[in-house]
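No lab work stands behind these numbers, since they all come straight from the coordinates. Predicted model only: the values in this text are computed from it and were never measured. Neighbour counts run over all protein chains shown; Cβ positions are idealised from the backbone, glycine included.
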Amino acid sequence: MNKMKIRGLLFLVAGLMLILSACSGGGKKNIAIGPPASETNNVSKLILEAYGIEEGDYKAYQEGFGDAADGVQDGNIDVSIGILGLPAGSIESLQASSGDVKMLGLSDEAIDYIEEHSDYKRLTIPKDTYDFLTEDVETVTAYAILMGNTDTIDEELGYELAKSMVEDAAENTHAQAKEMTLENALRGAEGLLIHPGAKRYYEEQGLTVENEVAELTADKSGRKSEFVLGTGSQGGTYYPLGGEIANLWNKHVDGINVTNTETGASVENLATISEGHMDLGMAVHVPALQALKGEGEFEGNEVKNAAFIGHIYPEVIQIVTREKTKINSFDDLK
C-alpha cells in the first residue's frame, strides 16, 4: 500500500473518531438554566457549582422552562433545570412527545452543599409522580409564595386576597391549587414581613403568626381598581396558576381587576414591586428573603415595600434530559 493510501486511511480513521466522540457526548453540553435574573437561573448555577462545574464547562441557555423543554424535545438542549410543581405538566408533555424523558437526581454531597449555601431543603420525588420514573429522585425544594406591594395593597385588600387564596382554591382547576390550604398557608413565610391584612385573616382562622408585621403606606380610601400580578414564563407553573388566582380574585373580591403578566418570575417580580410598577408578585421564598435582607441578587438594593400574603405551592427543582443524551448524572457534564 502506497503512502498516499495510508495517509488517506489515517485521515478517514481520524474523522470517524471525531464523529464517534461527538456522538458519545464529547464537547460542552447545552444546559438550560432559566431566564436571566430568575431564581431558576440562580439555583441552577448553585447546583452546577456544587458539582464543580464552571460557566466555561457548558453552554448556557437562559430561557423559561417551556421554551427549554421544546429545546430538549428538538435535541438542541441536553439538560433543562426548572423550579416546578409536582407533577409538572410541561414535563408530562415532554414525555408524551419524546417518550424517553430521564430525570436527574442530586447526590447527597450536592444536596448538602446546596443546603449549606441556601434556604433550599432536601426533597424526595416519589417514583409514582411520573410514569417514566423507575425510582425515587433526590432533589431540593423551596416554596412558591405571594408577595404584595405595601404601597398599593391596603390592609383590607390584603385580608381579602389571602382569604380568597384559601377559601376559593376549590374553584381553581390548576393541579397546584390543592396546596393552597389553611394548613399550608404560612409555609415559606419564615423570616419575612407579613402583610397585616393577611395576618388578621390567618389569626381569625386560628393560626399562630409570629412574623414581624409590615408597615403599609397603602390606604383603602385611595385604592385603585386595576392591579398587576407578576407570574413567570408561559411554559412554567406560575403563569397559568397565577391567571386562575387572578380570575378568582376578580370574581370574589369587589371593586378590583387583577391582570396577570408574564415575567422572568421571582427576582424580576420582587424588583418590579420595589420599583413601584407591580402590585403582587409570585416568588420563591428564597429570593424573597434575599430581597428583604438586601442579599444575593438584591445586594445593595433591599426591597422595603414587599410583604408576605400567602403560600401557593412547594417549588421543586426538577432536572430533565432524554435517554438518547446518555447523561445519567451531573458528573457526566464535567
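If you plug the beta carbon distance of SER329 and GLU55 into 1/(1 + (r/R0)^6) with R0 = 22 Å, you get a FRET efficiency near 0.65. Shown for segment 144-312: lysine pairs separated by 8 or more places, or found on different chains, whose C-alpha atoms are under 19 Å apart, numbering 8. The relative contact order of the chain, computed from alpha carbon pairs under 8 Å that lie at least 6 residues apart in sequence, is 25 percent.
Separation of segment 57-88 from segment 133-181 is 24 Å, based on Cα centroids. Taken about its Cα centre, segment 144-312 carries a charge dipole of roughly 220 debye when the Cβ of each Lys and Arg holds +1 and the Cβ of each Asp and Glu holds -1.
Write out the trypsin sites (Lys or Arg not before Pro) in segment 135-239 meeting two conditions: DSSP loop, and at most 15 other Cβ atoms within 10 Å of their Cβ. Passing sites in segment 135-239 are ARG223, LYS224. Between the DSSP loop rule and a limit of at most 14 other Cβ atoms within 10 Å, which trypsin sites (Lys or Arg not before Pro) in segment 26-102 are left? Those that pass, being in a loop and sparsely packed, are LYS28. Projecting label points 7 angstrom from Cα along Cα→Cβ for ASP67 and ASN247 puts them 2.6 nm apart. Reachable lysines from LYS28, Cα under 19 Å, same-chain residues fewer than 8 places away excluded? Correct list for LYS28: LYS45, LYS59, LYS324, LYS326, LYS334.
Secondary-structure-derived ellipticity at 222 nm for the chain, considering helices only, amounts to -11000 deg cm²/dmol, per-run term -39500 (n - 2.57) for DSSP H runs with n ≥ 4.
In the chain, which helices (entire DSSP H runs) extend 20 Å or more along their own long axis, judged by Cα positions, while averaging at least 1.0 on the Kyte-Doolittle scale?
Working: long enough: 3-23 (30 Å, 1.66); 238-252 (21 Å, -0.64).
Span-like helices, by this rule, are 3-23.
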